[in-house]
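Values quoted throughout were computed directly from the atomic coordinates according to the rules given, and no laboratory measurement underlies them. Being a predicted model, the structure only gives us computed values, none of them experimental. Every residue, glycine among them, receives a Cβ derived from its backbone with ideal geometry; neighbour counts consider all protein chains shown.
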Amino acid sequence: MHAPTRLLASQFGSPHGVTAQDSYVRLLWHLAFYFALPLGLIVLGGIAWCLVRYRAKPGSERRASQFQYHIPIEAAYTIIPLIIVAVIFGFMFNAENHVDRVSRAPAVKITVEGFQWGWRFVYPNGHQEIGTVANALNINSMKNLPVLYMPAGETVQFTLKSDDVVHTFYVRDWLWQRDLIPGVHNVADIDVKNPGIYDGQCNNICGQYHAYMRFLVDVMPVKQYKAWYAHQAANSITTAGVTVSS
Ligand SMILES: [Cu+2]
């Protein structure tokens, strides 16, 4: 049922990603490892070499040579980190430009509202999918979580609002999250390539039942999404899988 998330060593522990935006985020994660691994090896190797080379022998007073103002070394350990930071900055700038890009003509617009403690997903015809902590506490059944329905392979634009405190709309497999801030309407685009069911949750401690602020995202092939949407009456409300009014 869940989208496959393989945590391979070749990914340095990151999910593979399933959206048009997340390749940029994954690249940043990998880039940090490309720089950190050789640096870590150099540091650990240096420590190991010193331990062996300068190991004190009984009766010896041997010390490593002491010196200061070694210009080439000082220049190297200043310039190399500056280059690393500049490269990472460049890639990050590029990634943010792509990930934060918002389309003027998205295929679907959905309003995501967070509240203490639950989610409300509002569609253009006024249909709402709602789930609250009462449903989540109704133990153990994934079908009691609110479900965000959306199409695959199309640009979906979220308008993110909070009714009370700061929440965060987070879907791990998308390598993506956005804050929901009272008084601020954040807008973000996502193009999910692979249909599937994805786990989502609030990722900002927002009060007593924060841990229960979970949801599912059902990403459907476009045809299936359109059929689902055609069935949702204007201004109807579905509460965690059960339609309560229309
Ligand atoms: Cu929360």
Exercise for the section: Pairs of lysines 8 or more apart, or on different chains, with alpha carbons under 29 Å: count those in the chain, would you? Expected result: 14
Practice task
Any chance you could run the full-extension gain for I84 through N186? It's 0.36 nm times the residue separation minus the Cα-Cα distance, nm to one decimal.
Solution key: 33.5 nm
Practice task
Using label points projected 7 Å from each Cα along Cα→Cβ, tell me how many nm separate E96 and S65, to one decimal.
Solution key: 4.6 nm
Practice task
Work out the charge dipole of the chain with +1 on the Cβ of Lys and Arg and -1 on the Cβ of Asp and Glu about the Cα centre, then indicate which of I83, C50, A227 is farthest towards its positive end.
Solution key: C50
Handout entry: Total charge dipole magnitude, the stretch 108-245, about the Cα centre, Cβ charges on Lys, Arg, Asp, Glu only, Debye to nearest 20
Key = 220 debye
Exercise for the section: Can you tell me the dipole magnitude for the stretch 16-115 around its Cα centre, using point charges on the Cβ only (Lys, Arg +1; Asp, Glu -1), in Debye to the nearest 20? Expected result: 440 debye
Practice task
In whole Hz, with x marking every Gly and Pro, tabulate ³J(HN,Hα) for the stretch 214-227 from phi via Karplus 6.51 cos²θ - 1.76 cosθ + 1.60, θ = phi - 60°.
Solution key: 9, 7, 10, 10, 9, 8, 10, x, 3, 4, 5, 5, 5, 5
Practice task
Identify the trypsin sites (Lys or Arg not before Pro) of the stretch 28-79 meeting these criteria: DSSP loop state and at most 13 other C-beta atoms within 10 Å of the C-beta.
Solution key: R55, R62, R63
Completion exercise
Footprinting proxy, H127, H98: sorted fewest to most Cβ within 10 Å, the residues are H98, H127
Handout entry: Long-range HN-HN contacts of Y149 with modeled amide H, under 5 Å
Key = D218
Completion exercise
Given backbone amide H placed at 1.01 Å from N, residues whose amide H is under 5 Å from that of W176, ignoring those fewer than 5 places away on the same chain, are V171
Completion exercise
Counting only backbone N atoms under 16 Å from a point 7 Å out along Cα-to-Cβ of E154, the residues of the stretch 191-219 in range are 191-196, 218-219
Exercise for the section: For V165, list long-range residues whose amide hydrogen, built 1.01 Å from N in the peptide plane, is under 5 Å from its own amide hydrogen. Expected result: Q116
Exercise for the section: Taking every pair of Cα atoms in the stretch 9-99, average 1/r, invert it to obtain the Kirkwood radius, and report Rg/Rh to two decimals. Expected result: 1.19
Problem - Debye, to nearest 20: dipole size of the chain, +1 on Lys, Arg Cβ, -1 on Asp, Glu Cβ - result: 760 debye
